[in-house]
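One structure is given here, and the rest of the page talks about it.
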Amino acid sequence: MLLLSVGLLASCQGWRNSGAEIRIGLVASLSGELSDVSGVGMVNAAHLAVDEVNEAGGLKIGNRTHPVTLLIKDDGDQPDEAVRVTRELVQERAIAIIGPPLSRNAIPVADLAESLRLPMITPTATNPQVTLGKQYIFRIAFIDDFQGNVMARFAREDLNITRAAVLYDVASAYNRGLAEYFKQEFKAAGGTIVASETYITGETDFRQQLQRIQSAQPQALFLPNYPPEIARQIQQARQIGITAMFIGGDSWGDLDLATYRESEGAFFSALWSPEVTNQTTKTFIQTYQQTYNQMPDDSAAMTYDAFGLLFQALQTQGLAEPEAIRQGLANIQRYEGASGTLEFNGTGDPQKSAIVLQFKSGQAVFYREVLP
C-alpha cells in the first residue's frame, strides 16, 4: 500500500511536465440504484462545461492555451470503487477531481485526495466529514448541519410541528449526520423527538421501526435517506396507517415524484431550484435545454459550477499544479454560478442558501428560500 501511495504521489508531482493537455477527472455514480439521479446530470454538465472552454479555443493558463480533456469514471456508488477509480485518474494524470456526488463515497475519496495533495471539488456531497481538516477538498453544496437546522426550524416554526420522529440509516454518514443535526435543532427550538429509529444499509422492510414510530404519534416524520429507501419507507408508512407529514433532506429531490403518491405534501430541502435564478443560472438552463432537450437538475447545476470554480482557479494562478490550484480555490471568496451565489470564508465549504420545496401533484414546487 505504501509503495502504491508513493507512486500515486509521484504522479501528482509530475503534472507540470505532462504536456499541454489539461486532464480533469469526473467521478460519478453511473451504475447502481442512484445512477439516473446522481450520474446523468453530472456527466451532461461536465461535457457542457468542458465543451464550452474547448470551443472557445481552450483554457488560458499563464501564457499558454490548453485543450481540456474530461476523464469520466464510474464509482458504482461503492466507496471502495470510488477510491479505486480515483487512483486510476491520478495514474492517468488528472490534475483535479470533480466528485464523487454522494457523501458515503466522497468521504474516503477526499481522504485519499488530501493525502496525495490532489484538488477535489464535490458538487453535491453535504456531510461535514468530506472537507473537515482538509486543505485540498472543496464543495459546491451547503453542509448537513445547515440543512438539518433549516428543516428543523422550518418544521417547528413554519409548520408548527411540536412532535417529530426520525428514521435513518445508521451506517451511512450522510443519513446519520443529517438526522442528528435535525434532532438537535428541533429540540433546541422547543420540539420533542418522540421516536428515533435506525436501520442498516441494504434493508428493505422498515415496518417494525415504522410501527414503533406510529405508536409515538408524531406530527412529522423526518427521513434523511436516499431515494430507493425513501420510496419504500413512505409507502410502508402509509400502509401501516402513519398519517404524519413527511420531511426530508436534499436527497429527496432525486425521488421520482410521479410514481409515489404517498409523497404528496412532503417538504424537503434542496440544493438548487431553477426558480431562484441569476443571469448565470438563466444562461445555463437555456444552454443545457438546447443541448440535451431537458431541464437540468441540481446535480447538473452544481457540477457545472464545480468546473467553473476549477477553471477560475487555474486561470487566476496561471499554473496547473496542485498547490497553485489549491491556493486559487482557497482565494475565491464569491462566485456567481449556475446554482446561485457561493460565499467562501477561508474553508472548502461555501455559505449557500437552502431551498425548501413541497411535493404537489407529482412535482416539486418552490416554497421558500432560506438564506445562510
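The values are calculated or read from the model by the stated rules, or taken from the named source; none is laboratory data. Nothing here was measured: the structure is a model prediction, and the numbers come from that model. Note: ideal-geometry Cβ built from the backbone for every residue, glycine included; neighbour counts use all protein chains shown. To get the accessible areas, we keep the full protein, side chains included, count just its heavy atoms, and leave off ligands, DNA and RNA. Shrake-Rupley method; radii C 1.70, N 1.55, O 1.52, S 1.80 Å.
Residues of segment 120-139 being over 27 Å from VAL170 (Cβ atoms) and either of a type in the set (Ser, Thr, Tyr) or in a loop (DSSP other than H, G, I, E, B) (or both), which ones?
GLN135, TYR136
Where strands (runs of 3 or more DSSP E) fall entirely within segment 42-119, those with at least 1 residues that are touching a helix residue (DSSP H, G or I) at 6+ places or on another chain (Cβ under 8 Å) and either open to solvent by 30 Å² or more (accessible area, probe 1.4 Å) or aliphatic (A, V, I, L, M) (or both) are at 59-61, 68-74, 96-98.
Can you tell me which residue is nearest to GLU336 (Cα to Cα) among those in segment 255-275 that are surrounded by fewer than 21 Cβ atoms within 10 Å (Cβ to Cβ) and in contact with a Pro (Cβ under 9 Å, 6 or more places away or on another chain)? The selected residue is PRO274. Which of the residues that make up segment 243-254 are among the hydrophobic types (A, V, I, L, M, F, W, C) and open to solvent by 10 Å² or more (accessible area, probe 1.4 Å)? Matches in segment 243-254: MET245 only.
Only residues that are closer than 16 Å to SER269 by Cβ and touching a residue at least 40 places away in the same chain (Cβ under 8 Å) were counted across segment 128-151, and they come to 12. Under 26 Å from ILE137 (Cα atoms) and modelled with pLDDT of 95 or more: is that true of ILE325 in this structure? When the stated conditions are applied, ILE325 passes them. Taking each residue of segment 204-223 that is more than 17 Å from SER263 (Cβ to Cβ) and looking for partners that are basic (Lys, Arg) and part of a helix (DSSP H, G or I) with beta-carbon atoms closer than 7 Å, six or more apart or interchain, yields THR204/ARG232.
Results for (1) within 20 Å of PHE311 (Cβ to Cβ); (2) touching a Gly at 6+ places or on another chain (Cβ under 6 Å); (3) without any contact (Cβ under 8 Å) to a residue 24 or more places away in the chain, shown as yes or no for each residue.
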| site | (1), (2), (3) |
| --- | --- |
| ALA45 | yes, no, no |
| VAL50 | yes, no, no |
| VAL53 | yes, no, no |
| ALA56 | yes, no, yes |
| LEU59 | yes, no, no |
| THR65 | yes, yes, yes |
| LEU70 | yes, no, no |
| ALA96 | yes, no, no |
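Can you find, within segment 17-41, the residue that is modelled with the lowest pLDDT among those that are open to solvent by less than 10 Å² (accessible area, probe 1.4 Å) and in a helix (DSSP H, G or I)? Of everything passing the filter in segment 17-41, SER38 is modelled with the lowest pLDDT. Residue selection: PHE186 satisfies the criterion of being among the aromatic types (Phe, Trp, Tyr) and touching a helix residue (DSSP H, G or I) at 6+ places or on another chain (Cβ under 7 Å). In summary, GLN211 fulfils each of the numbered conditions (1) in a loop (DSSP other than H, G, I, E, B); (2) modelled with pLDDT of 95 or more; (3) not charged (D, E, K, R) with the single exception of condition (1). Highlighted here would be strands (runs of 3 or more DSSP E) found entirely within segment 276-372 that include at least 2 residues which are of a type in the set (Ser, Thr, Tyr) and either within 21 Å of the chain's Cα centre (by Cα) or surrounded by fewer than 23 Cβ atoms within 10 Å (Cβ to Cβ) (or both), but there are none.
Residues that are under 29 Å from the mean Cα position of the chain (by Cα) and outside any helix (DSSP H, G or I) within segment 219-246 comprise GLN219, ALA220, LEU221, PHE222, LEU223, PRO224, ASN225, TYR226, ALA244, MET245, PHE246, listed in sequence order. For segment 131-160, a residue qualifies if it is open to solvent by less than 10 Å² (accessible area, probe 1.4 Å) and more than 19 Å from the chain's Cα centre (by Cα), and the qualifying residues are ALA152, PHE154, ALA155.
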